[in-house]
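Here the structure is laid out as structure tokens; the discussion comes afterwards.
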Amino acid sequence: MSDESSIEARLLEATEQLIYSGGIHATGMDAIVKASGVARKSIYRLYPTKEALVAAALLHRDARWMAWFIRSTPPTDDPFERVMSIFPTLRQWFESEGFHGCAFINAAGETEDPDSEIRAVSRFHKQRLLDYLNELTQACGLPDSKETARQLLVLIDGATAVALVSGDVSAADSAGRAAALLLEASRSANGPSSSHH
């Protein structure tokens, strides 16, 4: 790792942690300089604006969070079981120290301009999560796997928001029960004739 890339990694990590725990607007460049140990001049050489830095920090989080989420929901013999493993995974996240909800929803909520880089990264993250959910629902052979994936995304984001606002981690369990009903309904809609049995 070159000096430049290790400086950048340190900068993105510090920025990501600060904006996740305190919000974008509440995080000034001074705090970022202090936490990362990277000089302001070096920061602006890498990222000409605070928005560009925040967008890069969110991309950094997207890569890490998606890798963790995919690793935590590994393939099993039963594709339905794999979908259901999402919800204990979410609960584990909700229970973790420093949980502040979804960084991407938080960031989009703080950004008024729909065309901003920050909004674009938030949309990119949700699309990546949706694509992964779509892979999982397709493996279940559901008739409308795309719509089921969208419904799972709504359950995930809803549970995340409830856990953040109420502090109740069992929102993950409620979302899991709703997902089980959803999968059961999709399965029935598939009809016995087209099942694998």
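Tabulated values for the structure
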{"quantity": "The range 140-197, residues that are modelled with pLDDT under 95 and either β-branched (Val, Ile, Thr) or touching a His at 6+ places or on another chain (Cβ under 9 Å) (or both)", "calculated": "Gly141"}
{"quantity": "Residues of the range 111-146 classified as within 14 Å of the chain's Cα centre (by Cα), crowded, with 22+ Cβ neighbours inside 10 Å and either among the acidic types (Asp, Glu) or not in a helix (DSSP H, G or I) (or both), total", "calculated": "0"}
{"quantity": "Scan of the range 64-84 for residues that are within 16 Å of Thr148 (Cβ to Cβ) and either small (Gly, Ala, Ser) or in contact (Cβ under 8 Å) with a residue 12 or more places away in the chain (or both), ordered by number", "calculated": "Thr73, Pro79, Phe80, Arg82, Val83, Met84"}
{"quantity": "Filter result (touching a helix residue (DSSP H, G or I) at 6+ places or on another chain (Cβ under 6 Å), in contact (Cβ under 8 Å) with a residue 24 or more places away in the chain and in a helix (DSSP H, G or I)) within the range 147-181", "calculated": "Thr148, Gln151, Leu152, Leu153, Leu155, Ala159, Ala163, Ala171, Ala172, Ala175, Gly176, Ala179"}
{"quantity": "Asp131 being over 12 Å from Cys102 (Cβ atoms) and in contact with a helix residue (DSSP H, G or I) (Cβ under 7 Å, 6 or more places away or on another chain)", "calculated": "no"}
{"quantity": "Extreme residue, surrounded by the fewest Cβ atoms within 10 Å (Cβ to Cβ), among residues of the range 72-110 that are modelled with pLDDT of 95 or more and hydroxyl-bearing (Ser, Thr, Tyr)", "calculated": "Ser96"}
{"quantity": "Flag for Leu155 being out of contact with any Cys (no Cβ under 7 Å at 6 or more places or on another chain) and within 16 Å of Ala180 (Cα to Cα)", "calculated": "yes"}
{"quantity": "Where a residue in the range 111-130 is within 17 Å of Tyr47 (Cβ to Cβ) and in contact (Cβ under 8 Å) with a residue 40 or more places away in the chain and its partner, wherever it lies, is of a type in the set (Ser, Thr, Tyr) and surrounded by fewer than 16 Cβ atoms within 10 Å (Cβ to Cβ), with Cβ under 9 Å and at least six apart", "calculated": "Glu117/Thr49"}
{"quantity": "Residue in the range 42-58 that is basic (Lys, Arg), under 19 Å from Val121 (Cα atoms) and outside any loop (DSSP other than H, G, I, E, B) present", "calculated": "yes"}
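The values are calculated or read from the model by the stated rules, or taken from the named source; none is laboratory data. Here the structure is a predicted model, which is why all the values come from computation and not from measurement. Backbone-built Cβ (ideal geometry, glycine too); neighbour counts: all protein chains shown.
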